[in-house]
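So the structure is just underneath, and the comments pick up after that.
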Amino acid sequence: MAGLVKPKKYDWKDSNLALFGSPLERDIKKAAAETEKAWHVVNAEEKPGLFIWRIVKFVPTPWPKEDFGSFYNGDSYIILNKYQKEGEEDWEYDVHFWIGAHSTQDEYGTAAYKTVELDTFLNDKAIQHREVQNHESDLFKTYFEELTILDGGADSGFRHVEPKSYKARLIQIRNDKGRVRAQEVPFTRKSLNSDDVFVVDCGESIYQFNGKTCDLKEKMKATQYVQKLKSEHNAKLSITDESSAEWREIDDFKSLLPDEDFSEEPEPEDAPECKILYRVSDKSGQLTITKVAENNLNKGMLKREDVFFIDTGKELTVWIGKGASKAEIHCGMVYGHNFLKDKPNPVRPIRQVRDGREDKEFYRTLM
């Protein structure tokens, strides 16, 4: 029997992020940022908060607040966290572009470009982050009580369900380092395991399967998740607990799913934990990346006339010196993106920090 084949994932070696960095870009970008209507809501609200936009035909489109934490793997998004440090009046910002596993090159290229534009609109005060599905940073995960990743693009929607034409889905609910993640997985019993909770969403009927070794937090979040679906779909709910159900009940649940194999690209392994500092310079007329030190790093090693990478194997931090060249300042995120292409786990988070705007996380990474 032919296996189920997932859509092709994005190719990190074929990225239009190289559009950044032309000499004229800064002036054009500033003018464009001022005319982008999506960004003005950030300054209109004089309070901290989270803002999310989905990229639709090259345009950042507001994502409904009730859907915060839900993303489609065929889309790219921009997420902005606006906050104030304790005892201070100035606003601080973290801006992330999140790339779904099957987002198109145009979509994630636009998300990356618009993230830089948003930072420009905020007078370069934001710390920029690149997030890739299933490899999100710990900071990104703190924004949501749970992450829900669904197949397809958001144009398919998940409201106003018509049960008779509804496409059944299998959702895996698992504990990801203390935070619950709900993610659509291939619709086959081969996806099941005893460690997590699974939900078969058929529209008119919803079936919940609690693996015998799943934890309490997964069960609690699954209950919230299915109750929301039940309300949205006006559906009937059935729950099977593997630890106490009879084999017949378990077999009945599994019979909802076809017994098919599926092919899936293996996730890259993390590199061994080791902090390496690299200096990035274009003084010679060509971009050079030179290893400076390994472990035992300190801020004195950073020189303001250049860009530096701090590579931990799990995350890449790009530090932009105040005296760096225009090209270096404009292309820091692009340099980081290209640097990781041939490294283990090239889809790890990237964060860009400017000289003088370092946060506690930066110093924890450096030390």
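Under 5 Å between amide hydrogens, built in the peptide plane, is the criterion, and for Leu150 it picks out Phe71, Tyr72, Asn73, Glu184 among residues at least 5 positions away or on other chains. Does region 14-145 come out rounded, prolate or oblate by the C-alpha gyration tensor, with a ≥ b ≥ c the root eigenvalues, rounded set by a/c under 1.5 and, if not, prolate when a/b is larger than b/c and oblate if not? In terms of gyration-tensor shape, oblate. Once you have a ≥ b ≥ c as the square roots of the Cα gyration tensor eigenvalues for region 159-263, tell me rounded if a/c is under 1.5, and otherwise prolate or oblate according to whether a/b is larger than b/c. Here region 159-263 falls in the rounded category.
Distance from the Cα centroid of region 62-140 to that of region 285-318 is 24 Å (rounded to whole angstrom). Per-peptide packing, taken as the mean over residues of other Cβ atoms within 10 Å, places 236-243, 82-89, 286-293 in the sequence 236-243, 286-293, 82-89 from highest down.
The simple spin-label model puts a point 7 Å past each Cα toward its Cβ; for Ser284 and Glu232 those points are separated by 5.4 nm.
When each of the peptides 64-75, 91-102 is scored by the mean number of other C-beta atoms lying within 10 Å of its residues, the order from highest to lowest reads 91-102, 64-75. Pairs exceeding a 28 Å alpha-carbon distance, out of Lys125/Lys177; Lys65/Lys217; Lys57/Lys236; Lys217/Lys360: Lys125/Lys177; Lys57/Lys236; Lys217/Lys360.
Spatial offset of region 174-251 relative to region 319-367 amounts to 39 Å, using the alpha carbon center of each. Taking the convex hull of the alpha carbon positions in region 277-367 and averaging its projected area over all directions gives 5.5 nm². Phi angles of region 311-321 translate, via the Karplus equation with coefficients 6.51, -1.76, 1.60 and θ = phi - 60°, into HN-Hα couplings of 9, 9, x, 10, 8, 10, 9, 9, 9, 9, x Hz per residue; Gly and Pro are given as x.
Residues in region 60-70 carry Karplus couplings, in order, of x, 10, x, 9, x, 4, 5, 9, 4, x, 10 Hz; the curve used is 6.51 cos²θ - 1.76 cosθ + 1.60 with θ = phi - 60°, and Gly or Pro positions show x.
Throughout, read-outs are computed from the coordinates displayed, never taken from laboratory work. The structure presented is a predicted model; accordingly, all values stated were derived computationally and were not measured. FYI the Cβ positions are ideal-geometry reconstructions off the backbone, even for glycines, and counts take in every protein chain you see.
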